[in-house]
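Below is one structure, written out as structure tokens; the observations come after it.
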Amino acid sequence: MDVGKVETLVKEQQLKDQFENLEKHTQWGIDFVERYTKFVKERSEIELNYAKQIRNLSKKYQPKKSTREEEEGKYTWCRAFLASLNELNDYAGQHELIAENMTSQIIAELTRYIQDLKSERKTHFHDGRKAQQHIENSWKQLELSKRNFERACKEADRAQQYFEKMDADINVTKADVEKARQQAQLRHQMAADNKSEYSSNLQKFNQEQTEHYHTLIPNIFQKLQEMEERRIERVGESMKTFAEVDRQILPIVGKCLDGMTKAAESIEAKTDSAQVVESYKSGFEPPGDVEFEDYGQAMKRTVSENSLTKPEKPDKPGKGKSKLFFFKKNKGANPEDFSHLPPEQRRKKLQAKIDDINKDIQKEMDQRDALTKMKDVYVKNPQMGDPSSVDPRLAEIAQHIDKLQTELQKFEGWLAEVEGRMPVRSEPTQRQSSVYDKQSNTPAANNNCAQDRESSPDGSYTEEQSSEVQSKVQTDTEFDDFDNEEEEMLPTIGTCKALYPFEGNNEGTLTLAEGEVLFVIEEDKGDGWTRVRRNEEEEGYIPTSYVEVFLDTDTKGLCMWR
């Protein structure tokens, strides 16, 4: 094998190796772009999930549409937290915007670019393989013509030698010599033709080889290089966009954080505490001064027909009747007049109810005025409608207005009672005397039975009140100062069983547990309270409506009430 052929084969092998290396490198570059695209996609999904979790968190802690949350909306710290939740929701929206921009500006663009990149790479390597195949075919053609020329030369030499041998042999005929000469000439001509073909193919191959190694392949390599540079630049631009997408939302995120800070700074502790005072102000008057109890002056209570055989022991400090500084609790649902609330809270509820009723009345009156005008139009222009068709609706509205006005008067009456514009039972600073005064003004008797007590609107005695109680009222009123005298422990007149739990938070009351049994030492005198004893050291008052009382038959007769 000659040196030229060896060099050509070496160059071809090196060229193949370079193409293989470039194919591997460019494919790795495309794989890198795909991997980076996947990275951005996963980052986008993280942003979406994060935004979703932030939105769910904000929604979870949003106040529910209920009365309690509406009341809490009055406080600055509640409003600040609500504002922070709203800002947090906007903050989540910015992370959704990150995911959206990454999807449109990076993922979608890189996905299209990868397809174009693969197509371009495929074209370049197809052109390179085509050029390489062409030069290989040219080389094979050159080798073929070269072998033909070589073979033709050898055959021509043999034919020439045979001719010369025949021509030198005297025994060979002239015809055989001529035939050998013609055969030698033919072989020389064929060798000349193969030489010409070989020379032509060699010249062509050299030109193609020069063009292949100096033009075609360098151009393909240049295109691959440019393609690779564009790919690298595109990756750099995508990485820059990746950072810019985050940077673009920073001003909005900063505003969200500023909003949270502003909401926190808007909290006013003194305003909220004043609001609490305003919301829960009871309106109770403070208790009066405690009167001096003169234990040095001994008095004897006149024993009435129904009084106890032993005098009452003076109230212990902290358990006197004048200490009952709270209102009676109601069982079951809240009453319509809000009497279960303290005076100030009751006044606010009543005022709010009155305002709502006035709005409803105004709304109905506006509808009535509109229908009245419509009726007048129908009267003047009968072709537009029947005037009598409006009358049923007008009657319905009038009836509704009357109903609302009646309800308004009822609530205004309750409001007037709370505000002191109507006579109200005074606070029992002197518990016995105030109760007995009220009972003395009630022209009725009481048999202490549940049915009669429930029929009384204020819990006082009914028309079946006995003369025995009236006698006791007169006797107790006459000897009102007897409570200041040191006495023996009051006797037990019955028992009671707690129907409901009661927290005796006020001075002079006892705490009840449901089902608990206590001893009754003083029955209800019409003010809704019963005096009981738990042990020798613990006495106090409990709501009569919270217990079931069993009086001894030898004192008041068998009777039960709730």
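The values are calculated or read from the model by the stated rules, or taken from the named source; none is laboratory data. Keep in mind that what you see is a predicted model, and the values were worked out from it rather than measured. Every residue, glycine among them, receives a Cβ derived from its backbone with ideal geometry; neighbour counts consider all protein chains shown. Remember, those area values only see protein heavy atoms, side chains included, never the ligands or the DNA or RNA. Shrake-Rupley method; radii C 1.70, N 1.55, O 1.52, S 1.80 Å.
Worth a mention:
- Filter pass, A175 being in contact with an Asp or Glu (Cβ under 8 Å, 6 or more places away or on another chain) and either under 30 Å from I114 (Cα atoms) or not β-branched (V, I, T) (or both): no
- Screening L48 on (1) touching a Lys or Arg at 6+ places or on another chain (Cβ under 8 Å); (2) hydrophobic (A, V, I, L, M, F, W, C); (3) open to solvent by 70 Å² or more (accessible area, probe 1.4 Å) shows it passes everything except condition (1).
- Summed over segment 133-149, residues that are small (G, A, S) and under 15 Å from L216 (Cβ atoms) total 1.
- Some residue of segment 511-519 being modelled with pLDDT of 85 or more, in contact with a strand residue (DSSP E or B) (Cβ under 6 Å, 6 or more places away or on another chain) and hydroxyl-bearing (S, T, Y): no
- Residue count for segment 207-221, restricted to those that are open to solvent by 40 Å² or more (accessible area, probe 1.4 Å) and over 14 Å from W139 (Cα atoms): 6.
- Some residue of segment 34-51 being more than 11 Å from the chain's Cα centre (by Cα) and at pLDDT below 90: no
- Qualifying position, being surrounded by 14 or more Cβ atoms within 10 Å (Cβ to Cβ) and out of contact with any Leu (no Cβ under 6 Å at 6 or more places or on another chain), among R187, R158, R151: R187
- Any hit, segment 63-71, residues being touching a Ser or Thr at 6+ places or on another chain (Cβ under 8 Å) and within 30 Å of Y280 (Cα to Cα): yes
- Residue match in segment 209-217 (condition: out of contact with any Asp or Glu (no Cβ under 9 Å at 6 or more places or on another chain), part of a helix (DSSP H, G or I), modelled with pLDDT of 90 or more and hydrophobic (A, V, I, L, M, F, W, C)): no
- Segment 539-555, subset modelled with pLDDT under 85 and more than 13 Å from C496 (Cβ to Cβ), residue least open to solvent (accessible area, probe 1.4 Å): T555
- Just one residue in the set D31, D17, D2 is more than 24 Å from the chain's Cα centre (by Cα), loosely packed, with under 13 Cβ neighbours inside 10 Å and either under 22 Å from K240 (Cα atoms) or at pLDDT 95 or above (or both); that residue is D31.
- Selection of first residues in segment 337-353 that are over 11 Å from K281 (Cα atoms) and of second residues that are of a type in the set (A, V, I, L, M) and in a loop (DSSP other than H, G, I, E, B), restricted to Cβ pairs under 9 Å at least 6 apart or on distinct chains, gives the following pairs, ordered by first then second residue: K349/L341.
- When T475, T530 are screened for being at pLDDT below 75 and touching a Ser or Thr at 6+ places or on another chain (Cβ under 6 Å), only T475 passes.
- Looking only at segment 364-412, and only at residues there that are among the aliphatic types (A, V, I, L, M) and touching a residue at least 40 places away in the same chain (Cβ under 8 Å), the one that is farthest from K349 (Cα to Cα): I401
- Test: residue in segment 364-371 that is within 25 Å of S279 (Cβ to Cβ), part of a helix (DSSP H, G or I), out of contact with any Ser or Thr (no Cβ under 7 Å at 6 or more places or on another chain) and open to solvent by less than 60 Å² (accessible area, probe 1.4 Å): no
- Within segment 356-393, tally of residues that are more than 47 Å from the chain's Cα centre (by Cα) and not small (G, A, S): 18
- Of the residues D452, D402, the single one that is modelled with pLDDT of 50 or more, among the acidic types (D, E) and either in a helix (DSSP H, G or I) or within 26 Å of P335 (Cβ to Cβ) (or both) is D402.
- Residues that are within 26 Å of N219 (Cα to Cα) and buried (at least 17 other Cβ atoms within 10 Å of the Cβ), drawn from segment 103-119: Y113, I114, L117
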